[in-house]
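Beneath this line is the structure, given in C-alpha cells, with notes to follow.
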Amino acid sequence: MEINEIGVIGAGQMGNGIAHVLALAGYEVILNDIRQEALDGALASIRKNMDRQVSRGKIDAQTMDAALGRIRTSLKLRDVGPTDLVIEAATERETVKHAIFEDLLPFLKPHTILTSNTSSISITRLASRTDRPERFMGFHFMNPVPVMQLVELIRGIATDEPTFASCKSVVDRLGKTAATAEDFPAFIVNRILMPMINEAVYTLYEGVGSVRSIDESMKLGANHPMGPLELADFIGLDTCLAIMNVLHDGLADTKYRPCPLLTKYVEAGWLGRKTQRGFYDYRGDVPVPTR
C-alpha cells in the first residue's frame, strides 16, 4: 500500500522528532496532542532543529520551508483517523495507549495501518484491542529521531506481510535502517541497553563508583560516546524504570529487577534532563553529579 499521509499522536520529544523526519521525507503529517502548548512547543522544536540542519549544510532553506509546510497540527484525535499510517508516540503507559487506539478506531479508513513507537510494551497485546491486529505493528524510533539511524520494526503475532512491507518502505524513504525484532519485552535495543543502565545504577547504589567515575569508566574504558548514567538522564529515568518493570514482569527473571535507587530518583521527580535533575543537576552552566 502506498503511504502518503501519516498521523503522529503525541507531540513530545519523540513525536516531534518523528514528524520532523517524516515531513523532510515528503510525507504529509498530522501531529496530534491533547494540549495546544505541546503542539506549539513541538513546532518550535522542529523549526529550531531544522534551522540547525540548515546551518550545518544538511538541508537548504527551501527544503526546510517545504517540510514545515507539510506539518499540520490538531487537538482532535479524529483528524488523525483518515491517514494512511498512524504512529502513536504517547507516554510509555499501556493503559494510555489502549485508550488512544480505542478512541481512534471509529475514524480510521479500512486500509489505515496502526503502529506504536513503544520502546517495550507488547505489540500483540496492543494490537489485540483494535479491529485490525493484522495491520498493527511496532515502529520504534531511537532518540533523538533526526539523528539516530535505526528504527526497530516489531511484528505482533498477527501482523501480516503487506503491513510490514509498507512500514519498511517508510523507513527506507527516511534514509534510516530497519531492524526486525520479535515481540518480546523491550525488543532488541532496550533488552540490551536498559539492563546495562540498571547495572550502572546498582554500581552507584552499592558504592562501587561515583556518578562521574562510572560514566568516565564506560566512556574511556569501553569507548561509549556517553556514560550510562548520563544516557539515563537523557532518556528519562521514568522511562528507564518503566522499561525495566516491563522486562521484570514479562520475563519473570530477577536479573531484570529495577535498582531501588532508580525507583527512588523517579519517586523524587528527578527524572533527568527534562526535570533539570537526575543523576546530574542541570540547573547550572555545567551538569553536576547529584551523588
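Just so you know, all these numbers are worked out from the coordinates, no wet-lab data involved. On a predicted model such as this, the values are computed, not experimentally measured, just so you know. Positions of Cβ are generated from backbone atoms using ideal geometry, with glycine treated the same way; all protein chains shown enter the neighbour counts.
Label points 7 Å out from Cα along the Cβ direction at ARG56 and LEU261: separation in nm?
3.2 nm
Taking the alpha-carbon distance from LYS255 and a cut-off under 17 Å, which aspartates and glutamates remain once sequence neighbours fewer than 8 residues away in the same chain are dropped?
Straight-distance partners of LYS255: GLU199, GLU206.
Pick from ALA158, ALA232, ALA268: which residue has the top mean-square fluctuation in a GNM of the chain where Cα pairs under 10 Å get a spring?
Residue with maximal mean-square fluctuation among ALA158, ALA232, ALA268: ALA268.
Seen from all sides and averaged, what is the projected area of the convex hull of the Cα atoms in segment 130-259, in nm²?
Projected area, direction-averaged: 9.1 nm².
Provide the packing ranking of 169-179, 144-154, 195-205, i.e. peptides ordered by the mean count of other C-beta atoms within 10 Å per residue, highest first.
With the highest mean Cβ count within 10 Å placed first, the list reads 195-205, 144-154, 169-179.
On a straight-distance basis, which aspartates and glutamates could pair with LYS48 in a cross-link, Cα separation under 15 angstrom, same-chain partners fewer than 8 positions away excluded?
Reachable aspartates and glutamates: ASP40, ASP60, ASP65.
Placing unit charges on C-beta atoms (Lys and Arg positive, Asp and Glu negative, everything else neutral), compute the dipole magnitude of segment 191-279 about its Cα centre in debye, rounded to 20.
Charge dipole, segment 191-279, about its Cα centre: 120 debye, nearest 20.
Assigning unit charges at the beta carbon (Lys, Arg +1; Asp, Glu -1) and nothing else, what dipole magnitude in debye, to the nearest 20, does segment 5-181 show about its Cα centre?
260 debye
Limiting things to C-alpha atoms, what are the Rg and the maximum Cα-Cα separation (Dmax) for the chain, in angstroms?
19.3, 56
Add -39500 (n - 2.57) for each DSSP H run of 4 or more in the chain, then divide by its residues: what number comes out at 222 nm, to the nearest 500 deg cm²/dmol? Walk me through the intermediate numbers first.
Working: 11 runs with 131 residues, N = 291.
Computed ellipticity for the chain at 222 nm equals -14000 deg cm²/dmol.
Once amide H atoms are built 1.01 Å from N in the peptide plane, which residues 5 or more positions from ILE59, or in another chain, come under 5 Å H to H?
Here VAL54 satisfy the definition.
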